[in-house]
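For reference, the structure is listed below as structure tokens.
The values are calculated or read from the model by the stated rules, or taken from the named source; none is laboratory data. These numbers come from a predicted model, not from an experiment. Heads up, the Cβs are rebuilt from the backbone with ideal geometry, glycines too, and the neighbour counts pull from every protein chain shown. We work out accessible area using only protein heavy atoms, side chains counted, and drop any ligands, DNA or RNA first. Shrake-Rupley method; radii C 1.70, N 1.55, O 1.52, S 1.80 Å.
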Amino acid sequence: MSRVRVLVIDDSALVRKLLTTMLSCDPLIEVVGTAADPFIAREKIKQLEPDVLTLDVEMPRMDGLTFLENLMRLRPMPVVMVSSLTQQGAEVTLRALELGAVDFFTKPSSDLASTFAEGAQDICAKVKLAALARPRVRTAVRRLEVVPRLSADAVLPRAQTADSRGGSPIIAIGASTGGTEAIRVVLEAMPPDAPPIVITQHIPAAFSGPFAARMDHCSAMRVCEARDGQPIQPGHAYIAPGSQHLLVMWDGARHVCRLHDGPPVNRHKPSVDVLFRSMAATVGRTTIAALLTGMGDDGARGLLELKEAGAATVVQDEASSVVWGMPGAAWKLGAAAEMQPLEHIAARLLELARQPVASAVRAATR
């Protein structure tokens, strides 16, 4: 892989320096320049032809959202947003993802140097993956410390047999990079009486609440951030909190949401593998599962467990994915019975959910 050429855009000289130093520590990244505002950035994009931009939101002369909207209209390219961990920062970042930003990372309000250093591996990974994404129109090298990678076993042992309860289908969706917009497309197409939907999207804790509220406004379903013990009902969608794993469990009378504060799985918390594994054990063949756009492979093994439990399984196709990491990994594993473009996924999930279980599984494995 050739080095990813990055232009850092931020009005703070300290942030520009810290990001430049941190990104330059990765041998596959080259910071080709910095800019203090969008007008300077516009000229440097022409001169330097970077592969990826990191873009702050609050800047003088032109805010980041306005610049991003103009950029995606005139010269689409991969952008990773730099966001603040506040309610307003979350809302603005979600809007940036709607406008076409590939991903984001959060900027702390204090102790920038140590906090950026702790997240160096994640930030560098986001920038490198962004270089491979499809833009959507609407110093000395040191080794970065690698966080241990745990499987779903760290949270929930795999059941030997599925113990499916009740005959009503439950839809499960997993996503990561590009997923906030992909989930919006799916939820907007769902009717108010759709089967219940449980969702794990890789997202920081400060962002999952605003994201759920945003989805509630754009969907005919009732969408909320999942609460521990919350009954799972038709016409409702439940989004995993950004700091906890979401599981679907049987409480003796009905399926409920369970939140688990275990360690990150596949370096993610919440993890799609954890959600899918819980459903393989307690919902089994009445599950309709979809794995959408995202970097890495979280959810691929969980989707395979669901398929082996008799569930209908679908992945988003490569052409409509921002990053075809998670769905691509599932497809290569043979975990998905079919592949669909994003705009067809909602209709297909509903079609599978409305068929009798046996015929739905047969239809999804053709």
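Would you mind working out the magnitude of the charge dipole of segment 225-311 relative to its Cα centre, with +1 at each Lys and Arg C-beta and -1 at each Asp and Glu C-beta, to the nearest 20 Debye? Walk me through the intermediate numbers first.
On the way: 9 positive and 9 negative charges, 22 e Å.
Charge dipole of segment 225-311: 100 debye, to the nearest 20.
Averaging sequence separations of C-alpha pairs under 8 Å and six or more residues apart, then dividing by the length of segment 223-316, give the relative contact order as a whole percent. Relative contact order for segment 223-316 comes out at 23 percent. Per residue, the convex hull spanned by the Cα atoms of segment 31-124 measures out at 100 cubic angstrom. Solvent exposure of segment 171-297 amounts to 29 Å² per residue of accessible area, where only protein heavy atoms count and the probe is 1.4 Å.
The distance between label points at Ala253 and Ser2 comes to 6.4 nm (points 7 Å beyond Cα on the Cα→Cβ vector). With a 1.4 Å probe rolled over the protein heavy atoms of all chains, the accessible area of Thr20, Thr93 falls in the order Thr20, Thr93, largest first. In this label model, Glu118 and Leu333 are separated by 3.0 nm, measuring between points 7 Å along each Cα→Cβ vector. Each label point was placed 7 Å from the Cα along the Cα-to-Cβ direction; for Val185 and Gln230 their separation is 2.5 nm. Placing unit charges on the Cβ atoms of the charged side chains and taking the dipole of the chain about its Cα centre, the candidate lying farthest along the positive direction among Val57, Met22, Leu129 is Leu129.
For the chain, the carbon plus sulfur part of the accessible surface works out to 52%, probe radius 1.4 Å. Taking Cβ atoms as reference points and 9 Å as the exclusive limit, the residues near Met326 contribute a net charge of -2, counting Lys and Arg as +1 and Asp and Glu as -1. If a/c stays under 1.5 just call it rounded; otherwise compare a/b with b/c (prolate if a/b is bigger, oblate if not). Do that for the chain, with a ≥ b ≥ c from the square roots of the Cα gyration tensor eigenvalues. Taking the square roots of the gyration eigenvalues as a ≥ b ≥ c, the chain is prolate. Considering helices alone, the calculated mean residue ellipticity of the chain at 222 nm is -11500 deg cm²/dmol, with DSSP H runs of length four and up weighted by -39500 (n - 2.57) and normalised per residue.
Here segment 1-69 and segment 192-248 have alpha carbon centers that stand 34 Å from each other.
Dipole of the chain computed with +1 at Lys/Arg Cβ and -1 at Asp/Glu Cβ about the Cα centre; of Val6, Ala336, Ala212, farthest Cα towards the positive end is Ala336.
With the convex hull built on the Cα atoms of segment 163-219, state its orientation-averaged projected area in nm².
Values: hull surface 19.1 nm².
For segment 163-219, the mean projected area of the Cα convex hull comes to 4.8 nm².
Which of rounded, prolate, oblate describes segment 308-352, given a ≥ b ≥ c as roots of the alpha-carbon gyration tensor eigenvalues and a/c under 1.5 marking rounded, otherwise prolate only if a/b is larger than b/c? Mind showing how you got there, number by number?
Numbers: a/c = 2.92, a/b = 1.08, b/c = 2.71.
Oblate, since a/c reaches 1.5 and b/c is not below a/b.
Charging the Cβ of each Asp and Glu at -1 and of each Lys and Arg at +1, and nothing else, the dipole of the chain about its Cα centre rounds to 580 debye. Please list the non-local residues whose amide H lies under 5 Å from the amide H of Val57, H modeled 1.01 Å from N, same-chain partners needing a gap of 5 or more. Answer set, sorted by chain and number: Val82. For segment 215-255, relative contact order (Cα pairs under 8 Å, six or more residues apart, normalised by length) works out to 34 percent. Answer rounded, prolate or oblate for segment 224-366, using the Cα gyration tensor with square roots of eigenvalues a ≥ b ≥ c: rounded when a/c is under 1.5, else prolate when a/b is larger than b/c, else oblate. Taking the square roots of the gyration eigenvalues as a ≥ b ≥ c, segment 224-366 is oblate.
Annotation: extensible slack from Glu30 through Glu91 equals 18.9 nm (criterion: 0.36 nm per residue apart, minus Cα-Cα distance). The convex hull around the C-alpha trace of segment 251-333, projected and averaged over every direction, spans 5.6 square nanometres. Charging the Cβ of each Asp and Glu at -1 and of each Lys and Arg at +1, and nothing else, the dipole of segment 205-355 about its Cα centre rounds to 260 debye.
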